[in-house]
Amino acid sequence: MICYTEFCFRDKEKVMEKEATLLSGDIKKTYVSYLIPTIVGMLTNSVYCIVDVMFVGLCIGAQGLAAFNIAMPVYTIYSSLGLMLGVGGAVTISVLIGKGKKEQVDKVFTLTVLCSALIGIVMSAYGLLFPDAFARMLGASPQLMQGVKDYLQPLHCVALIYILNCTMQVIIRADYNPKLVMVAAVCGNATNILFDWLFVSVFQWGLFGAAAATALGPCVAMSIWIFHYLLKKNTFKFTKHFWDFSLLQRIFKNGVGTFILELSLGCVVIFFNIVLLDVSGQDAVAVFAIISNIAYVGKGIFNGISQAAQPMLSVNYGARKIKRVQATLRTALVCALIFSLGCYLLILIFPQPIIGFFISSSDAGLIGHGVWAARIYFISFVFTAVNTVLMYYFQSVESIKVTTMIALMRGLIFILLGLAVFPKFLGELGVWLTITFAEVATLLITLPIKRKLDKLLASEAVE
């Protein structure tokens, strides 16, 4: 009994120490302690995405790339659902901790995990029972239908694990264990890369093999992050008395911005594919498959930079330490800007090796097409970086309406407007300029709103 009491006391002491670090520790040092594991995990995730495209492009060819790109929005459908609950739950938990309302934390955690699991089961059942309908929903043409279905089948089988993994990586990071999230991501993504080579290159299983390799990744990651609970490193715990409709609403509201933005990324791929097929044909869609996956790498890093700041932003917002909130935001913005500028310089200086990495050297015309398109498309990166950090900032301080507005503007409204207008006057060039238009227009609207919110939060500060 004495040993158990001492263990509980030490455990509680560690939790209080971690909370104190978020509330009063050195901001840059604390941010970096979350940033490095998050970025490493995101980078390995990005590497496996690149490897997926590389193996499909080199081993299957342009038609395989086109089918792959048609199927790719399935990832954003599943991740949008998982991240909506993960981010919504993590933000709610962190704000409650900052406000000192720790009795509600376990309810939020339990609701988040159960909802994620339920949604995963439903999505898996739908995809497996109605494969043709799902493929058509993604925009599969009759010529690409079989390839799209081959790619989707293994992913539908692990929808529960994929969605739950997206949720738990955010929750565990907020539960003061970003390093475990990093280890799980690295191991899961390394598994995917290994089996990509084995299934696609060695066994020649085509698109089915590429997807089967991807399906193994979250299974490995889940088997690792579960140790957070088996070894009792968790401070958020399951509870029988979890039902609270107001908390459930709060989770969904705090996560809706992420859901809209992630889901819209999948919709954008579908819209771009349709317009590019109409304006330029299948080669343009193959080029977009490469560009969109390179962009996915960068956007993943922007999300990582933003997610690393979320626990600090939300906990300090809950405690009304607004100066620390603003300092954390500035640190995240600087990191995002430096990274985005570095990425664009690489695209400008080395476009041919980057595009050529995904395409056989015999497809010289496709490489030249990709180089031209990439230089235009990635002008958007600096604005994407700023908008991503700002959206997570609004989300972290529970400014739900603004978060939703930003997600809708940059993820859907301005994209649709750009695709409806620019290609009519500029052809394919207008398609590649659409993302830059959407990000710039969103930023111009967002900045005045941020200034108003900053003044409001400053008036509520307790410092």
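Every read-out reported here was derived from the displayed coordinates using simple, explicitly stated rules and does not represent laboratory data. Since the structure is predicted, the reported quantities are computational estimates derived from the model, not experimental observations. When we count neighbours, we look across all protein chains shown, and the Cβ atoms used for this are built from the backbone with ideal geometry, even at glycine.
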query = Once the piece of chain linking K323 and I445 is laid out straight, how much longer is it, given 0.36 nm per residue of separation minus the C-alpha distance between them?
reply = 41.5 nm
query = How about K232: which lysines have a C-alpha closer than 17 Å to its C-alpha, ignoring those fewer than 8 places off in the same chain?
reply = K12, K14, K18, K179
note = Amide H contacts under 5 Å for T239, restricted to residues at least 5 apart in sequence or on another chain and with H modeled in the peptide plane, are T110
query = If R0 is 30 Å, what FRET efficiency do you get for C219 and S459 from their C-beta distance, rounded to 0.05?
reply = 0.05
note = Distance in Å, no decimals, from the C-alpha centre of the range 91-128 to the one of the range 261-299 is 31 Å
remark   = FRET efficiency for F350 and M137 from the Cβ-Cβ distance with R0 = 35 Å, rounded to 0.05, comes out at 0.40
The chain: angle of helix 73-99 to the longest principal axis, Cα-based, in degrees nearest 10 = 20 degrees
key: Where Cα atoms sit under 17 Å apart: lysine pairs in the range 261-462 separated by 8 or more or lying on different chains   = 6
query = Could you give the angle, 0 to 90 degrees to the nearest 10, between helix 62-71's Cα long axis and the longest principal axis of the Cα atoms of the chain?
reply = 40 degrees
The range 195-270 shape via C-alpha gyration tensor axes, a/c threshold 1.5 = oblate
request  = Using only Cα atoms, tell me the angle between helix 105-129 and the longest principal axis of the chain; keep it within 0 to 90° and round to the nearest 10.
outcome  = 20 degrees
task = Rounded to the nearest Å, what's the spacing between the alpha carbon centres of the range 417-441 and the range 155-188? Just the number, please.
result = 35 Å
query = Full extension from L416 to K101: what is 0.36 nm times the residue separation minus their Cα-Cα distance, to one decimal in nm?
reply = 109.2 nm
request  = With an 8 Å cut-off on Cα pairs and a minimum separation of 6 or more residues, tell me the relative contact order of the range 261-462 in percent.
outcome  = 28 percent
request  = Decide, for the range 373-443, between rounded, prolate and oblate: order the square roots of the alpha carbon gyration tensor eigenvalues as a ≥ b ≥ c, take rounded if a/c falls under 1.5, and otherwise choose prolate if a/b is larger than b/c, else oblate.
outcome  = oblate
